[in-house]
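Have a look at the structure below, then the notes.
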Amino acid sequence: MPIRLYSYWRSSAAYRVRIALNLKGLDHEIVPVSLAPGVSEHRGDAYRAKNPQMLIPFLDDGEVGIAQSMAILEYLEEAYPGVRLLPQSEPMRSRVRAFCNMIACDIHPLNNLRVMNYIKSEYGADPTDAWYAHWVREGFTAAEILASDGPYVFGGEVTLADVLLVPQVYNARRFKVPLDDFPKLVAATDTCNELTAFRDAAPEAQSDAS
């Protein structure tokens, strides 16, 4: 069966996987799963049977059905090694992983929509401005120090670091977080977005974009 990625156009976690599939040149089918309020297909029985956590994305290639974007990316790297997105030698391999986790574990979860909605509903606070920007700045301040002088996050080759960075910068721009203090991250993102693999994975390029 073809690779199927259960995705939502505005999910940055799904955005990461779309980029990786494109960079690796893997034929795949995007299966839209709406997270929109009032629709919430991810909470339906059909999707819940695949992913009990009811989160996006979920990848199924006929051999493995797996959730969690970082686990998916690691699986794709191991199962489809034709195009490598992790450096083959240390310490760069671990540096790329560490950079990825700064975004996937430290920035993104705190700014996830369900977290911000919970803060708003339970505590009456609006986290979309100061809260969101604070955690982006916290993470990007360290990421800017770790990044190389380009053209990509770690030099002349696209890695998983770029795959994680581009969706996070997209979100930062969406929420109007000032990025003047992070010129290397912005430059790497803009360079990546010149590549077809990144452009085709962008939220606005998805069939379910609204």
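Structural remarks
- Enumeration of residues in the stretch 20-54 that are touching a helix residue (DSSP H, G or I) at 6+ places or on another chain (Cβ under 7 Å) and either closer than 21 Å to Asn111 by Cα or of a type in the set (Gly, Ala, Ser) (or both): Ala20, Val33, Ser34, Leu35, Met54
- Yes/no for Asn111 being polar (S, T, N, Q), under 29 Å from Glu144 (Cα atoms), within 14 Å of the chain's Cα centre (by Cα) and surrounded by fewer than 14 Cβ atoms within 10 Å (Cβ to Cβ): no
- Residues in the stretch 159-210 that are among the aromatic types (Phe, Trp, Tyr) and part of a loop (DSSP other than H, G, I, E, B): Phe175, Phe182.
- Residue in the stretch 132-140 that is closer than 18 Å to Asp106 by Cα and free of Cβ contacts under 8 Å to residues at least 12 places away in the same chain present: yes
- Flag not set for Glu144, criterion: in a helix (DSSP H, G or I), of a type in the set (Asp, Glu), surrounded by fewer than 14 Cβ atoms within 10 Å (Cβ to Cβ) and assigned by TED's automatic domain parsing to the domain that holds Ala188.
- Exclusive hit being in contact (Cβ under 8 Å) with a residue 40 or more places away in the chain and either out of contact with any Gly (no Cβ under 9 Å at 6 or more places or on another chain) or at positive phi (or both), set Pro52, Pro57: Pro57
- Residue within the stretch 76-91 that is surrounded by fewer than 18 Cβ atoms within 10 Å (Cβ to Cβ), of a type in the set (D, E, K, R) and within 22 Å of Ala142 (Cβ to Cβ) present: yes
- Taking every residue in the stretch 66-79 that is assigned by TED's automatic domain parsing to the domain that holds Lys24 and pairing it with any residue that is of a type in the set (Phe, Trp, Tyr), at least 6 positions away or on another chain, the pairs with Cβ-Cβ distances below 7 Å are Ile66/Tyr75; Ala67/Phe58.
- Some residue of the stretch 30-44 being out of contact with any Gly (no Cβ under 7 Å at 6 or more places or on another chain), in a loop (DSSP other than H, G, I, E, B), of a type in the set (Val, Ile, Thr) and crowded, with 18+ Cβ neighbours inside 10 Å: yes
- Going through (1) over 14 Å from the mean Cα position of the chain (by Cα); (2) farther than 20 Å from Val115 by Cβ one by one, Leu21 falls short only on (1).
- If only residues of the stretch 53-108 that are among the aromatic types (Phe, Trp, Tyr) and outside any loop (DSSP other than H, G, I, E, B) are counted, the one that is farthest from Ser148 (Cα to Cα) is Phe58.
The values are calculated or read from the model by the stated rules, or taken from the named source; none is laboratory data. Keep in mind that what you see is a predicted model, and the values were worked out from it rather than measured. In this analysis, Cβ positions are derived from the backbone assuming ideal geometry, glycine residues included, and neighbour counts consider all displayed protein chains.
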